[in-house]
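Beneath this line is the structure, given in structure tokens, with notes to follow.
The values are calculated or read from the model by the stated rules, or taken from the named source; none is laboratory data. Just so you know, these numbers come straight off a predicted model, no measurement behind them. A quick note on method: Cβ atoms are made from the backbone with ideal geometry, for glycine too, and the neighbour counts reach across all protein chains shown. Surface areas here come from the heavy atoms of the whole protein model, side chains and all, with no ligands, DNA or RNA. Shrake-Rupley method; radii C 1.70, N 1.55, O 1.52, S 1.80 Å.
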Amino acid sequence: MEQTFNFVDWTAVALLFGALAAIALLCSRRAGRDAKDFFLSGRSMPWWLVGVSMCAASTSTNSANMFTEFIRNSSLAENWKWWAFLLTGMLTVFVYSKLWVRSGAKSDIEFYELRYSGRAAAFLRGFRAIYLGIVFNTITTGLVMLAAIKIGQALFGVDQWTVIVFTSVASVVYSAVGGFRGAIYTDFFLFVVIMVGAVVGMHYAINHPAVGGFSAMMSNPVVQQHLSFVPDMANPDLFVAVFVIPLAIQWWNVWYPGSEPGGGGYVVQRMLSAKSENHCIGGSILYQVVNYAIRPWPWYLTAFASLVVFPDLASLQAKFPHIDPSLVKGDLAYPAMLTFVPGGWRGVVAASMMGALFSTVAAHLSMGANYMANDFWKRFVRPEAGERELIVVGRASAAVLMVLTAVISPFLISAGAVFNLILQIGAGTGLIYLLRWFWMRINAWSEITAMAVSFVVAVFLQLVYPHLGLPSLLAWHRLLIVMAVTTAAWVGVTFLTPPTEACRLAAFQNRIRASGHDVAWGMLAMTVSCVAIYALMFASGYWLYGRTALAAVLTAVAVAFGLALIPVLRKLNIGVRS
């Protein structure tokens with residue numbers, strides 16, 4: 001089918017940009033005069049806006065591409081690489097979210113000088129502001145841009161620099177004008193657009209002539225090989241890599257943007273924008289349910305259809321001879337399926353992809369702007385900086401971040417490859433982010449060591465080790481090595497360096513008011529809710545697979561554990577007051 005946009009298509013895209021501009025302009029006056037509003041929306045957001053905003057921020061253009069690549073690599077089960085982070089998310093919801101709100105921090109970077117003391121704490125805060133706000137944000141935003149490049153080339157036939165320049169300009173303007181309040185409101189609108197586009201794309205993928213409809217697709221032998229929720233134990237390396245490691249170790253000992261153990265990044269920024277502890281927790285629960293059990297299914301089904309239409313990389317290359325062969329990986333299959341959406345609906349799908357792009361880029365830009373303005377500029381450069389100056393610095397930082405993203409994006413290859421690299425860089429650091437709230441012996445040097453060692457070891461194993469003539473290492477081998485070395489290093493340094501000043505620890509503990517009661521009941525709530533959400537996720541799949549008996553049992557399990565969560569929430573005093 002020739003890829004042309006008709007009047008209806010362009011109208012849909014124009015309406016998207018019109019809505020973004022309108023929301024940004026409505027919020028611009030308030031965002032431009034108040035730094036608290038610009039960076040945290042005045043801490044006034046209700047739970048449903050907080051939850052949907054988290055969903056939109058985590059739903060990027062690389063989400064569908066990456067899930068598709070996982071499914072095509074082996075099966076649906078490879079998604080355990082990120083499904084395991086549900087455990088991280090629910091632990092954050094029930095144990096750490098209220099601690100973040102009570103801390104009063106403007107960002108997760110400000111935490112360092114609330115928890116630690118001395119020059120090491122100041123260095124850690126400044127360095128992490130730059131490292132996460134600019135360096136790491138550039139990599140993760142570049143991953144989002146990589147997906148946009150592939151979608152732009154597949155849907156519009158435009159070169160990568162056109163995609164990069166257009167996205168960069170639009171994202172900076174959209175993010176800088178409306179501030180964080182504008183981003184929260186826009187996220188709600190964008191998430192609706194994203195899901196409508198995902199469903200439309202799924203419909204035309206399933207009904208492609210080569211696929212033959214839903215029943216034919218699900219009975220296709222090629223598709224059936226990729227439907228499993230659990231990897232085949234006959235392949236032990238795959239089973240350990242995508243199932244055992246994520247569930248046993250990865251979820252609590254690996255730092256990954258958006259799934260930080262104990263919370264961090266744009267998730268914490270949205271938690272801190274909630275108007276109360278209960279609204280923070282309610283929004284976080286909504287996010288976890290939608291993110292894992294509901295949101296991805298249209299993309300999974302489209303990925304299954306792609307197995308029939310594009311069985312290998314050669315067929316994808318034949319479809320897009322103008323695309324650089326180095327970019328033709330499994331993640332290109334998703335945008336390839338979108339090319340079969342007919343005129344009139346193609347604009348809706350394109351608008352949904354743009355919505356996914358802008359929501360995630362805006363999340364990273366606002367997070368980076370917050371770090372650079374409050375945690376670097378005001379803390380280390382100009383402590384006397386006023387509200388308007390901080391807003392200017394935040395907007396300038398967003399522009400710098402976008403320029404750096406534009407530079408790095410063309411050098412990235414595959415969504416799955418970048419995902420694995422980020423996991424390895426963050427390996428071994430997750431445990432410290434969980435324990436630092438309760439184990440007061442941890443100090444700033446512990447975190448500095450964890451951050452430095454994980455990065456150095458991951459880079460060594462990725463870039464240097466393969467050239468040493470030693471036995472090759474699988475991805476999960478490298479992950480375990482980084483975890484072990486990093487954990488040993490930071491635990492050792494913890495006992496070899498002085499503890500944080502007693503007065504700082506006392507002030508921190510008085511702020512967060514952590515209690516054994518809340519931790520114990522919080523971990524029980526985490527366990528019950530994870531069983532409920534996993535059961536709901538699997539039930540959704542088995543209903544679609546036509547395995548009604550198993551689907552009914554899992555649905556009953558999801559309902560039972562959902563109801564069992566209610567008395568646990570009462571013990572945590574959640575939902576009792578607004």
* Output yes when any residue across region 222-237 is touching a residue at least 40 places away in the same chain (Cβ under 8 Å), within 18 Å of ARG72 (Cα to Cα), outside any loop (DSSP other than H, G, I, E, B) and of a type in the set (Phe, Trp, Tyr), and no when none is. => no
Reported set for region 36-57 where residues are crowded, with 24+ Cβ neighbours inside 10 Å and either under 27 Å from ALA147 (Cβ atoms) or at pLDDT below 65 (or both) is PHE38, PHE39, LEU40, SER41, VAL50, GLY51, SER53, MET54, CYS55, ALA56, ALA57
Checked against (1) of a type outside the set (Val, Ile, Thr); (2) in contact with a Leu (Cβ under 8 Å, 6 or more places away or on another chain); (3) surrounded by 23 or more Cβ atoms within 10 Å (Cβ to Cβ), PHE310 satisfies every condition except (3)
The residue from LEU473, LEU421 that alone is closer than 21 Å to LYS81 by Cα and either in contact with a His (Cβ under 6 Å, 6 or more places away or on another chain) or assigned to a loop (DSSP other than H, G, I, E, B) (or both) is LEU473
- Query: Is it fair to say LEU431 is open to solvent by less than 60 Å² (accessible area, probe 1.4 Å) and either part of a loop (DSSP other than H, G, I, E, B) or on the phi < 0 side of the Ramachandran plot (or both)?
  - Reply: yes
Within region 70-109, residues being farther than 15 Å from TRP437 by Cβ and not in a helix (DSSP H, G or I) number 6
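Residue-wise test of (1) over 25 Å from ALA539 (Cα atoms); (2) at pLDDT 85 or above; (3) open to solvent by less than 20 Å² (accessible area, probe 1.4 Å); (4) not in a helix (DSSP H, G or I).
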{"residue": "VAL244", "(1), (2), (3), (4)": "no, yes, no, no"}
{"residue": "ALA248", "(1), (2), (3), (4)": "no, yes, no, no"}
{"residue": "SER259", "(1), (2), (3), (4)": "no, no, no, yes"}
{"residue": "TYR266", "(1), (2), (3), (4)": "yes, no, yes, no"}
{"residue": "GLN269", "(1), (2), (3), (4)": "yes, no, yes, no"}
{"residue": "HIS279", "(1), (2), (3), (4)": "yes, yes, no, no"}
{"residue": "GLY283", "(1), (2), (3), (4)": "no, yes, yes, no"}
Checked region 360-389 for anything part of a helix (DSSP H, G or I), more than 21 Å from the chain's Cα centre (by Cα) and surrounded by 15 or more Cβ atoms within 10 Å (Cβ to Cβ); matches are ALA373, ASN374, ASP375, PHE376, TRP377, LYS378, ARG379, GLU389
(1) part of a loop (DSSP other than H, G, I, E, B); (2) touching a Phe, Trp or Tyr at 6+ places or on another chain (Cβ under 8 Å) all hold for GLY347 apart from (1)
Of the listed residues (VAL459, VAL392, VAL453), the one being in contact with a Ser or Thr (Cβ under 7 Å, 6 or more places away or on another chain), free of Cβ contacts under 8 Å to residues at least 40 places away in the same chain and either assigned to a helix (DSSP H, G or I) or surrounded by fewer than 20 Cβ atoms within 10 Å (Cβ to Cβ) (or both) is VAL453
